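Here's the structure we're looking at; comments come further down.
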Amino acid sequence: MSYMRLAAFVRRNVNKISPGKYRSTVASTKLKEEKEQLDGCAVVEAEPVELIRQTKNSPGTHTQHIHVDFDNTQEAYKSKDNIELLRSLLVFKLCTFDFLVEKNKELMDLSKKLLGNRMFEKMMKMTFYGQFVAGEDHNAIKPLIRKNQAFGVGAVLDYSVEEDLSDDHREKKYKAHRQFGDRRGGVISARTYFYADEAKCDNQMDTFINCIKASGGASADGFSAIKLTALGRPQFLLQFSEVLVKWRQFFNFLAAQQGISDMTVLEQKLELEQLKENLTELGVGAKDDIDNWFTGERIGLSGTIDFLDWNSLINDTTKISNLLMVPNLKTGQLEPLLRSFTAEEERQMKRMLQRVDILARHALENGVRLMVDAEQTYFQPAISRLTLEMQRIFNREKPIIFNTYQCYLKDAYDNVSVDVELSRREGWYFGAKLVRGAYMYQERARAKEIGYEDPINPDYEATNKMYHKCLEYVLEEIDHSRKANVMVATHNEDTVKFTLEKMNEMGLSPTENKVYFGQLLGMCDQISFPLGQAGFPVYKYVPYGPVNEVIPYLSRRAQENRGFMKGSQRERHLLSKELKRRLLSGQMFYKPVY
Ligand SMILES: Cc1cc2nc3c(=O)[nH]c(=O)nc-3n(C[C@H](O)[C@H](O)[C@H](O)COP(=O)(O)OP(=O)(O)OC[C@H]3O[C@@H](n4cnc5c(N)ncnc54)[C@H](O)[C@@H]3O)c2cc1C
C-alpha cells in the first residue's frame with residue numbers, strides 16, 4: 001500500500017471498525033466486573049470553596065474577576081495530613097542531592113538487593129512511590145482519587161507500557177537508530193513504551209480501556225491519557241510522520257517559488273494556476289492529472305490553495321496518483337513520496353488504527369475525554385494527524401479527543417493554528433493539551449548525532465514565549481466561538497497566572513469548563529489545590545502500577561525535582577511553612593476533613 005492510500009485508509013478505517021467484533025479477539029470478561037465495581041464508587045462532593053470574586057462589570061453580567069492565592073499554604077495543603085507533608089518534604093529534599101538523583105537507578109537496584117523485594121516496596125511506598133504514584137491498580141487508587149475530588153481536584157488516569165525500533169530505509173530523522181532505540185534516555189517527564197508483539201499491544205489496549213472505564217466510574221467528567229506508541233509498531237508512526245513532513249516541506253518549497261515563504265503558514269496562499277505550472281515543470285505529474293487534483297468541491301474554487309487545502313489532498317486517493325513523485329529538496333531529484341508497505345506492515349498498521357478507534361469509542365460511551373499524549377518528533381506528526389482524524393469523527397457534539405501540542409518545538413504555533421483553523425472550517429470541537437515538552441535532551445542529542453536541525457526552541461525563554469503565544473491563540477478561539485477547549489498542563493506558576501489573567505480579561509468563567517489545568521500527581525499541589533478550591537477545573541495526571549514497573553517514572557520525577565529547579569525550591573519552602581504553621585497552632589495531628 002502506498003502512503004497516499006495509507007492516509008486515505010486511516011480516514012476510512014477508523015470509521016468502520018466494529019469495536020464489538022474486534023474486542024471478541026481480546027480478553028473482555030473482566031471489564032464488566034470492573035465497571036460494576038466502579039459504579040459502586042461514590043463520588044464525594046467538594047467542600048464549599050472560598051472564592052475571592054469581585055464583580056467587574058455591572059450587576060446582572062456574569063463576568064467576575066477571580067483571584068487565586070498561591071501563597072496560602074493552609075488552602076494548598078488542606079487535603080494532606082502532617083505525615084504526608086513530611087514525606088513530600090523528605091522526597092523533595094532527597095532530590096536536592098545530585099548524587100542521589102544521578103545514581104538513583106543504581107541505588108534503587110542496590111536497595112532491592114540489600115532489603116529484599118518486600119522491604120524495598122515498603123520503603124518506596126513510604127517515599128517516592130507514595131509521593132508520585134497513586135497505587136498498584138485501578139482499585140487501589142480510588143481512595144486517593146476520591147480525596148482529591150473532595151478538594152476540587154480531578155484525575156487523568158494514566159497507565160503505561162512499551163516498543164523498540166528496528167531498522168528501515170527512511171530519511172535520517174525518520175530512521176530507527178540503534179543508539180536511540182531505548183527512547184527513555186534523557187526523558188524526564190514522560191513514560192515510554194516498547195513494542196514486543198501484537199498481543200502485547202492488545203493487552204495495553206485493555207489496560208487503557210480499564211483506565212477509561214475507571215475514569216468514567218470515578219466522575220462525570222473524567223479524563224484518560226493514552227500513548228499511541230503503546231498501541232502498535234512505532235515503525236508505522238515513523239513512516240507516516242516522514243510522509244507528512246515531506247508533504248509539508250514540499251508546500252513550503254512551492255510557497256518559496258511564489259515568493260510567499262516569509263508569511264505564517266495560514267497566510268500562505270498559493271496561486272492555483274501558477275502552482276499547476278510549477279508542478280508540471282517539476283515533472284510531478286502529467287498536466288491533466290495535476291488539473292484533476294484541484295477539481296474538488298472546495299479546493300481551488302477561490303483560485304488559491306492554502307496549507308489546509310494542500311493537506312486535504314493527502315487524504316484523497318481519487319485525485320492523486322499513488323506513485324506521486326516529489327522533488328528531493330536537497331538533491332533536486334524526483335523521488336517517490338511514498339514507499340509501499342509489506343503485507344505484514346499493512347496488517348500491523350490496520351490493527352493499530354483499530355485499537356485507537358476502539359479506545360475512542362469506549363471514551364465516548366463512558367463520557368470520558370481522551371488525551372493523546374505527545375511523544376518524540378519523529379512520531380509526533382503521525383500521532384497528531386491520527387488524533388486529528390479522531391477529532392473529526394468524535395468531536396462533532398463535544399470535545400472527546402484531545403491532542404497534545406509541545407511548545408518547545410519551533411513549529412508549535414504553526415501546528416496549533418493550522419489545527420484550530422481546520423476545526424473552525426469543519427465545525428468540530430477543538431480540544432488541546434498544551435505542554436512545554438518532555439523529550440528535550442533526547443531530541444537534541446538525536447538531532448546532533450544523526451545530523452538534522454534541532455527541532456527544539458533555542459532556549460527556555462523561547463519556549464516560554466511559544467507556550468504563551470499558543471495559549472493566547474487558543475484562548476482567543478475560545479473567546480470567539482466557545483467551541484475550543486484547552487488543558488494548560490504545566491507546573492509553571494507564571495503560566496498559570498498568565499492564563500488566569502487572560503481569562504479575567506476575557507470574562508471567561510471557570511465554570512464554563514473551557515480551560516482546564518493539569519499537573520502531575522505529587523507535584524505542585526500549591527498550584528492544583530488552590531485552583532480547584534477556587535472552582536477551576538483542575539486535574540492531576542495520576543500514574544498507577546506495580547512498584548517495580550514504575551521505577552523509571554520515579555527516576556524521572558526525581559530529575560524533574562532536582563534542587564536547582566525554581567519550582568521545587570518553592571515547593572519545599574511552602575511545605576516547611578505549612579508544617580511550622582500547624583505545629584505553632586497546635587495542629588500536631590491534623591487530619592483532612594471531607
Ligand atoms: C498534566 C501534564 C501532562 C503532560 N503531558 C505531556 C505529553 O503528553 N507530552 C510531553 O512531551 N510532555 C508532557 N508533559 C510534560 C511537560 O512537557 C513538561 O516536560 C513538564 O511539565 C515541565 O514543564 P513545565 O511547563 O511544567 O515547567 P517549566 O519548568 O516551566 O518548564 C520546563 C520545560 O521547559 C522546556 N525547556 C527547558 N529548558 C529549555 C531550553 N534550554 N530550551 C528550550 N526549552 C527548554 C522543556 O520542555 C522543559 O521540560 C506533561 C506535563 C503535565 C503537567
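The values are calculated or read from the model by the stated rules, or taken from the named source; none is laboratory data. Quantities reported herein were computed from a predicted structural model and do not represent experimental measurements. All Cβ positions, even for glycine, are placed from backbone atoms using ideal geometry, and neighbour counts span all protein chains on display. We work out accessible area using only protein heavy atoms, side chains counted, and drop any ligands, DNA or RNA first. Shrake-Rupley method; radii C 1.70, N 1.55, O 1.52, S 1.80 Å.
Each label was represented as a point 7 Å from its Cα along the Cα-to-Cβ direction; for Met506 and Thr304 these points are 2.7 nm apart. Taking packing as the residue-averaged number of other Cβ atoms within 10 angstrom, the listed peptides 286-294, 426-434 run from highest to lowest as 426-434, 286-294. For the residue pairs Lys93/Lys580; Lys93/Lys125; Lys227/Lys330; Lys269/Lys514, the C-alpha atoms sit more than 25 angstrom apart in Lys227/Lys330; Lys269/Lys514. The packing ranking, built from the mean of other Cβ atoms within 10 Å per residue, places the peptides 473-485, 130-142, 111-123, 380-392 in the order 380-392, 130-142, 473-485, 111-123, highest first. Using label points projected 7 Å from each Cα along Cα→Cβ, tell me how many nm separate Asp494 and Asp81, to one decimal. According to this spin-label approximation, the distance is 3.9 nm. When the alpha-carbon atoms of the range 391-451 are used, the pair Rg, Dmax equals 14.6, 46 angstrom.
Scoring 233-241, 540-548, 410-418, 248-256 by mean Cβ neighbours within 10 Å over their residues and listing the highest first yields 233-241, 540-548, 410-418, 248-256. Report the FRET efficiency, 1/(1 + (r/R0)^6), for Glu453 and Thr264, where r is their Cβ-Cβ distance and R0 is 22 Å, rounded to 0.05. FRET efficiency, Glu453 to Thr264: 0.70. Per residue, the range 439-535 exposes 37 Å² of solvent-accessible protein surface, assessed with a 1.4 angstrom probe and all protein chains in place. Length gained on full extension, Asn203 to Leu114, computed as 0.36 nm times the residue gap minus the Cα-Cα distance: 28.7 nm.
Ignoring any ligand, DNA or RNA, what whole percent of the accessible area of the range 435-498 comes from carbon and sulfur when the probe is 1.4 angstrom?
Summing carbon and sulfur atoms, their accessible area is 53 percent of the total for the range 435-498.
If the chain linking Gln249 and Arg396 were pulled fully straight, counting 0.36 nm for each residue of separation and taking away their Cα-Cα distance, it would gain 49.9 nm.
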